[in-house]
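Enquirer: I am attaching a structure below and will ask some questions about it afterwards.
The values are calculated or read from the model by the stated rules, or taken from the named source; none is laboratory data. Here the structure is a predicted model, which is why all the values come from computation and not from measurement. Don't worry about glycine lacking a Cβ; one is built from the backbone with ideal geometry, like all the others, and counts go over all protein chains shown.
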Amino acid sequence: MQPKRILFVCLGNICRSPMAEGVFNKIVAGQGVQKAFEVDSAGLSNYHEGELPDACMRWHAEKRGYRLTHRSRPVTANDFEYFDLIMGMDEQNMRQLHRLAATPEQAAKVRRMTDFCQNLQASEVPDPYYGGDQGFENVIDLLEDCCQGLYEFLKK
Ligand code: 4NP
């Protein structure tokens, strides 16, 4: 069976979306179903192209056992063809992703990360860039909850 292809997207592709990629990959590895998923992340800007995730994001991630090695890259038109699901983190991401979708079929692939929250309540995964340590912890809390919800949804 062809793997389900999931692209996590945020603005810089150095905090939220590479973190989401790390969380989702850990869930599928824990279930032994890596072959069923192809996971990547990308940014709506190219400001940080080629960079590793932000050092603070990596530090907070490592405290919870995630090692983030993704290199930032911008979203491409081909991503809307290739991936089955394109996950936005906040309202601005959603607006930009819908603008970039070339067809109604592509637009239907765009989903909001927080729609898959299970235990926490949030309408966005907020940019942690200026939120201090708590901002990064909050992002990981939200992404762990939403990624588990997304996995349960896709498993069905
Ligand atoms: P991210 O966070 O979208 O979660 O990767 C940001 C990182 C960098 C910038 C904005 C958001 N920036 O404007 O450089």
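Enquirer: Hey, among Glu21, Glu62, Glu51, which residue is over 14 Å from the mean Cα position of the chain (by Cα) and within 12 Å of the ligand (Cβ to nearest atom)?
Expert: Glu51
Enquirer: Let me ask something else about it. Yes or no: region 65-72 includes at least one residue that is surrounded by 13 or more Cβ atoms within 10 Å (Cβ to Cβ) and within 14 Å of Ile6 (Cβ to Cβ).
Expert: yes
Enquirer: Considering only residues that are under 14 Å from the mean Cα position of the chain (by Cα) and assigned to a loop (DSSP other than H, G, I, E, B), which ones fall in region 29-48?
Expert: Leu44
Enquirer: Then there's this: Identify all residues within region 99-140 that are under 29 Å from Tyr82 (Cα atoms), part of a helix (DSSP H, G or I) and under 16 Å from the mean Cα position of the chain (by Cα); write none if there are none.
Expert: If the condition is that a residue be under 29 Å from Tyr82 (Cα atoms), part of a helix (DSSP H, G or I) and under 16 Å from the mean Cα position of the chain (by Cα), then Met113, Thr114, Asp115, Phe116, Val139, Ile140 are the ones that fit.
Enquirer: List the residue pairs whose Cβ atoms are under 7 Å apart, where the first residue sits in region 31-52 and is surrounded by 14 or more Cβ atoms within 10 Å (Cβ to Cβ), the second is aromatic (Phe, Trp, Tyr), and the two are 6 or more positions apart or on different chains.
Expert: Val39/Phe24; Ser41/Phe8
Enquirer: Inside region 1-27, can you point out the residues that are of a type outside the set (A, V, I, L, M, F, W, C) and in contact (Cβ under 8 Å) with a residue 24 or more places away in the chain?
Expert: Scanning region 1-27 gives Pro3, Lys4, Arg5, Gly12, Asn13, Arg16, Ser17, Pro18, Glu21, Gly22, Lys26.
Enquirer: Now for a different question. Kindly indicate whether any position in region 83-97 is aromatic (Phe, Trp, Tyr), out of contact with any Leu (no Cβ under 6 Å at 6 or more places or on another chain) and more than 12 Å from the ligand (Cβ to nearest atom).
Expert: No, because not a single residue in region 83-97 is aromatic (Phe, Trp, Tyr), out of contact with any Leu (no Cβ under 6 Å at 6 or more places or on another chain) and more than 12 Å from the ligand (Cβ to nearest atom).
Enquirer: Report, by residue number, each residue of region 101-122 that is over 18 Å from Leu44 (Cβ atoms) and within 16 Å of the ligand (Cβ to nearest atom).
Expert: Answer for region 101-122, where residues must be over 18 Å from Leu44 (Cβ atoms) and within 16 Å of the ligand (Cβ to nearest atom): just Ala122.
Enquirer: Does Lys26 qualify as being more than 19 Å from Cys146 (Cβ to Cβ) and either at pLDDT 95 or above or not in a strand (DSSP E or B) (or both)?
Expert: So Lys26 fails the test.
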